[in-house]
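**Student:** This is the structure I want to talk about, given as structure tokens.
The values are calculated or read from the model by the stated rules, or taken from the named source; none is laboratory data. Bear in mind the structure is a predicted one, so any value in this text is a computation, not a measurement. Positions of Cβ are generated from backbone atoms using ideal geometry, with glycine treated the same way; all protein chains shown enter the neighbour counts. In case anyone asks, the SASA skips ligands and DNA or RNA and just uses the protein heavy atoms, side chains included. Shrake-Rupley method; radii C 1.70, N 1.55, O 1.52, S 1.80 Å.
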Amino acid sequence: MQNKRALVTGSSRGIGRAIALALADDGFEIVLHCAGNIAKAQEVKALIEAKGGTATIIQADLCNLEDTARLTQEAGEIDVLVLNASLQIPNRWDQITPDDCLQQLNCNFVSSMMLIQGLAENMQKKKWGRIVTIGSVQEKKPHPDMLVYSASKAAQTNMVHSLSLQLAKDGITVNNVAPGVIYTDRNVEALSDAEYAQKVMNLIPVGFYGEPSDCAAMVSLLCSEQGRYITGQSIYVDGGKGVQ
């Protein structure tokens, strides 16, 4: 994938970091994105460059639509767009505030739509492109305290289904990767509670947590020539949790 550029949102840590590193290994020039922790993004950049790759960093708050528009402009011409950044604000359904709702919807859905609107044009001109959203098993099995998060991920996947049909003629594939329980810094605190961790583990048929690299491997396939015949799909990387 020489001379092709990939933007991975939320790529300073966790699943996004693993995806950025995998795509760099595949030969893509990487545009890293972070909301606030520029030092973590610089660590990923250094890892990519140490292997002979190329990476740049753009900082933007995807809850802020002006920042999202700026990211679209600064990213330039993109061949692969991986929409990984997301926001979770856990709360009981009857305690959700309008502000918490809007923040999650902006980050998890509206920003994804805006970035696709702004960056797909280059893919259409080249008649080649890959768009991958990172969803969640919660699209199918929503956590009771994450109503807005799970709803926003389901909306994002519905957008994938719609756009895959509209962009197929342009050589652009559009897919969703839905992780299950992936051991990242987002959930390490919760999973440190042995009783809670056992309850979570009991719901995973394969009997273990996933790693960010498990998701990155699927994204790598979807962004490759080998993935050219896969579009409009929501692929669960969840150890079987979603089918229980």
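**Student:** So what is the relative contact order for region 88-203, in percent, with contacts set as C-alpha pairs under 8 Å and at least six apart? All intermediate terms of the calculation are to be shown ahead of the outcome.
**Tutor:** Numbers: 115 pairs, mean separation 35.0, N = 116.
This gives 30 percent for region 88-203.
**Student:** Right, here's the next one. Please give the length that would be gained between N158 and K141 if that part of the chain were fully extended, namely 0.36 nm times their separation in residues minus their C-alpha to C-alpha distance (nm, one decimal). Mind showing how you got there, number by number?
**Tutor:** Values: separation 17, 0.36 × 17 = 6.12 nm, distance 1.57 nm.
Full extension of this stretch gives 4.5 nm more.
**Student:** A further question on this structure: Below 16 Å, Cα to Cα, which lysines can K125 reach? Residues fewer than 8 away in the same chain don't count.
**Tutor:** K4, K169
**Student:** Put +1 on the Cβ of each Lys and Arg and -1 on the Cβ of each Asp and Glu in region 1-122; which of W93, A22, Q73 then has its Cα farthest toward the positive end of the dipole?
**Tutor:** Working it through, the farthest residue towards the positive pole turns out to be A22.
**Student:** Return the whole-Å distance between the Cα centroid of region 1-23 and the Cα centroid of region 94-164.
**Tutor:** 18 Å
**Student:** Under a straight-distance cross-link criterion of Cα-Cα below 16 Å, which lysines are reachable from K153, leaving out those fewer than 8 residues away in the same chain?
**Tutor:** The qualifying lysines are K140, K141.
**Student:** Follow-up. Under unit Cβ charges (Lys, Arg +1; Asp, Glu -1), what dipole magnitude, rounded to 20 debye, does the chain have relative to its Cα centre?
**Tutor:** Values: 21 positive and 26 negative charges, 133 e Å.
Here the size comes out at about 640 debye.
**Student:** Extension gain D100-I57, at 0.36 nm per residue separation less the Cα-Cα distance, in nm? The partial results should precede the final answer.
**Tutor:** On the way: separation 43, 0.36 × 43 = 15.48 nm, distance 2.72 nm.
That works out to 12.8 nm of additional length.
**Student:** Round to the nearest 10 and give me the degree value, 0 to 90, for the angle of helix 212-222's Cα axis relative to the longest principal axis of the chain.
**Tutor:** Computed tilt is about 40 degrees.
**Student:** Grab the beta carbon distance between V206 and D185, set R0 = 25 Å, and tell me the FRET efficiency rounded to 0.05. Write down the numbers at each step before the final one.
**Tutor:** Details: r = 22 Å, r/R0 = 0.88.
In this case the efficiency is close to 0.70.
**Student:** Relative contact order, percent, of region 1-44 when contacts are C-alpha pairs under 8 Å separated by at least 6 residues? It would help to have the intermediate numbers written out before the result.
**Tutor:** Details: 70 pairs, mean separation 20.7, N = 44.
Averaging sequence separation for qualifying contacts and normalising by length gives 47 percent for region 1-44.
**Student:** For the chain, modelled as a GNM with alpha-carbon contacts under 10 angstrom, which of D100, D193, D61 fluctuates the most?
**Tutor:** For the chain, modelled as a Gaussian network with Cα springs under 10 Å, the answer is D193.
**Student:** Extending each Cα 7 Å along its Cβ direction at E195 and L165, get the distance between those two points in nm, one decimal.
**Tutor:** 4.8 nm
**Student:** Here's another thing I want to ask about it. Between S224 and Q73, what length in nm is gained on full extension when 0.36 nm per residue of separation is reduced by their alpha carbon distance? Don't skip to the end; give the middle numbers.
**Tutor:** Values: separation 151, 0.36 × 151 = 54.36 nm, distance 2.50 nm.
Extra length available between S224 and Q73 comes to 51.9 nm.
**Student:** Compute the relative contact order of the chain as a whole-number percentage, counting only Cα pairs closer than 8 Å that sit 6 or more residues apart in sequence.
**Tutor:** Reported relative contact order: 19 percent.
**Student:** Using only Cα atoms, find the angle between the long axis of helix 65-75 and the longest principal axis of the chain, and express it within 0 to 90 degrees, rounded to the nearest 10.
**Tutor:** For helix 65-75, the angle is close to 40 degrees.
**Student:** Need one word for region 111-226: rounded, prolate or oblate. Basis is the Cα gyration tensor (sqrt eigenvalues a ≥ b ≥ c); a/c below 1.5 gives rounded, then a/b vs b/c decides. Present the calculation step by step, with values, prior to reporting the outcome.
**Tutor:** On the way: a/c = 2.85, a/b = 2.01, b/c = 1.42.
Cα axes put region 111-226 in the prolate bin.
**Student:** In terms of the Cα gyration tensor, with a ≥ b ≥ c the square roots of its eigenvalues, is region 49-176 rounded because a/c is under 1.5, prolate because a/b exceeds b/c, or oblate?
**Tutor:** Details: a/c = 2.04, a/b = 1.54, b/c = 1.33.
Here region 49-176 falls in the prolate category.
**Student:** Moving to a separate point now. Taking a probe of 1.4 Å, how large is the accessible area per residue of the chain, in Å²? Write out the running numbers ahead of the final one.
**Tutor:** Details: 11610 Å² over 244 residues.
For the chain, the solvent-accessible area averages 48 Å² per residue.
**Student:** Under a Cβ-only charge scheme (Lys and Arg +1, Asp and Glu -1), can you give me the dipole magnitude of region 29-104 about the Cα centre, in debye to the nearest 20? Intermediate results must be reported in sequence, preceding the final value.
**Tutor:** Details: 5 positive and 12 negative charges, 57 e Å.
Its charge dipole is roughly 280 debye.
**Student:** With +1 assigned to the C-beta of every Lys and Arg and -1 to the C-beta of every Asp and Glu, and no other charges, what is the dipole magnitude of region 65-172 about the Cα centre in debye, to the nearest 20? List each step's numbers first, then the result.
**Tutor:** On the way: 10 positive and 12 negative charges, 109 e Å.
Magnitude of the dipole: close to 520 debye.
**Student:** Measure off, as a whole percent, the carbon and sulfur share of the 1.4 Å-probe accessible area of region 22-180, all protein chains present.
**Tutor:** C and S atoms contribute 53 percent here.
**Student:** While we're on this one: With a/c under 1.5 counting as rounded, go ahead and sort the chain into rounded, prolate or oblate using the C-alpha gyration tensor (a ≥ b ≥ c being the square roots of the eigenvalues; past the cut-off, prolate if a/b is larger than b/c, else oblate).
**Tutor:** rounded
**Student:** Moving on to the next point. Compute the acute angle (0 to 90°) between the alpha-carbon long axis of helix 147-167 and the principal axis of greatest extent of the alpha-carbon atoms of the chain; round to the nearest 10°.
**Tutor:** Roughly 30 degrees, rounded to the nearest 10.
**Student:** Counting only chymotrypsin sites (Phe, Trp or Tyr not before Pro) that sit in a DSSP loop (anything but H, G, I, E, B) with at most 12 other Cβ atoms within 10 Å, what is the longest stretch of the chain containing none of them? Let's see the in-between values first.
**Tutor:** Working: sites that count: F208, Y229.
Counting only loop sites that pass the neighbour cut-off, the longest clear stretch is 1-207.
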